[in-house]
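Novice: Got a structure for you, questions after.
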Amino acid sequence: MARPASPVTPLRTAADGYRKGEETRARILDVALTAFGNSGFATVTTRQIAKEAGVNLPALTYYFGNKRGLYLACAHAIVARYREGMGAVAEVSYAALGGPLTPDEARILLKRLFAALARFLLSAPEAQNPSLFVQREIASPGPAFEILYAELWRPGIELATNLILQTTDGRLAETEAQVRAILMISSLTGFLSGLPVIARTAGKADYTALVIDALEGQIDSL
């Protein structure tokens, strides 16, 4: 009698290797965002990041080249997260600005934009690390500043500015509208960085809803 065939162990597919590689890359990025956000570019070492990510140093070098390459990859990852979280709302606003838009319609879009930004920043547990990274680049511009400016800050400020101009129907000059936009955006990131203190002082609350209400009040006062 013929011996029963041994079970064939499936070979690892290219897709399996790709998925594992992407998971490793994402893990390194998450660790790097935390490390760079907490300590800054100059202080953190690639050896430290590799150890915390559970990989060897050659693996980090394979994916990112060097520390600067990893730092820039963190900036691109932050931009991608914002686009994923805010892209749909932003696209609606861009499309509306391409045609006739009444002040009331612009006001509604402006509220939706900032409500979406508040939810994105305050409802995601992982938002703190990218926020610290971004704040460091604002306070002390480093290798990632131009990426964040060109792909995140400038487009966001321009969109909010244009909606504010439409909302105020010419009552504000463009520079005045830009200042309002920057103040509203920075108030959100500032609130996020101060949230641990606020929560300890004021206790538990639905801060996202409260922040959205406050932002809508600011928009109504324009």
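The values are calculated or read from the model by the stated rules, or taken from the named source; none is laboratory data. Source: prediction; values computed, not measured. Here Cβ is always computed from backbone atoms with ideal geometry, including for glycine, and neighbour counts include all displayed protein chains.
Novice: Which condition number does L101 fail, the rest of (1) surrounded by 16 or more Cβ atoms within 10 Å (Cβ to Cβ); (2) part of a helix (DSSP H, G or I) being met?
Specialist: Unmet for L101, out of (1) surrounded by 16 or more Cβ atoms within 10 Å (Cβ to Cβ); (2) part of a helix (DSSP H, G or I): (2).
Novice: To continue, here is another question. Looking at (1) outside any helix (DSSP H, G or I); (2) within 26 Å of I78 (Cα to Cα), can you tell me which one G190 breaks?
Specialist: Only one criterion is unmet by G190, namely (1).
Novice: Something else: If you go through segment 161-180 one residue at a time, do you hit one that is under 25 Å from L97 (Cβ atoms), at pLDDT 95 or above, crowded, with 20+ Cβ neighbours inside 10 Å and in contact with a Phe, Trp or Tyr (Cβ under 7 Å, 6 or more places away or on another chain)?
Specialist: No, that holds for no residue.
Novice: To continue, here is another question. So how many residues does segment 166-187 have that are touching a residue at least 40 places away in the same chain (Cβ under 8 Å) and of a type in the set (S, T, N, Q)?
Specialist: Summing the residues that are touching a residue at least 40 places away in the same chain (Cβ under 8 Å) and of a type in the set (S, T, N, Q) in segment 166-187 gives 3.
Novice: Residues being within 30 Å of A118 (Cα to Cα) and either touching a His at 6+ places or on another chain (Cβ under 7 Å) or surrounded by fewer than 20 Cβ atoms within 10 Å (Cβ to Cβ) (or both): count how many of those fall in segment 38-67.
Specialist: 4
Novice: Looking at segment 31-74 only, could you name the residues that are in contact (Cβ under 8 Å) with a residue 40 or more places away in the chain and among the charged types (D, E, K, R)?
Specialist: Selection gives R68 alone.
Novice: Something else: For segment 184-212, name all the residues that are loosely packed, with under 11 Cβ neighbours inside 10 Å and more than 14 Å from L122 (Cα to Cα).
Specialist: Hits for segment 184-212 are V197, R200, T201, A202, G203.
Novice: Report, ordered by the first and then the second residue, all pairs with beta carbons closer than 7 Å, sequence separation of six or more or different chains, a first member in segment 195-222 that is in contact (Cβ under 8 Å) with a residue 40 or more places away in the chain, and a second member that is exposed (fewer than 14 other Cβ atoms within 10 Å of the Cβ) and part of a helix (DSSP H, G or I).
Specialist: T208/S123
Novice: Let me ask something else. Please work out which residue is surrounded by the fewest Cβ atoms within 10 Å (Cβ to Cβ), limiting yourself to segment 213-222 and to residues that are in contact with a helix residue (DSSP H, G or I) (Cβ under 8 Å, 6 or more places away or on another chain) and of a type in the set (D, E).
Specialist: Going through the qualifying residues, I end up with D220.
Novice: Applying the selection to segment 130-165, what residues are without any contact (Cβ under 8 Å) to a residue 40 or more places away in the chain and assigned to a loop (DSSP other than H, G, I, E, B)?
Specialist: Once the filter is applied, which keeps residues that are without any contact (Cβ under 8 Å) to a residue 40 or more places away in the chain and assigned to a loop (DSSP other than H, G, I, E, B), segment 130-165 yields only P141.
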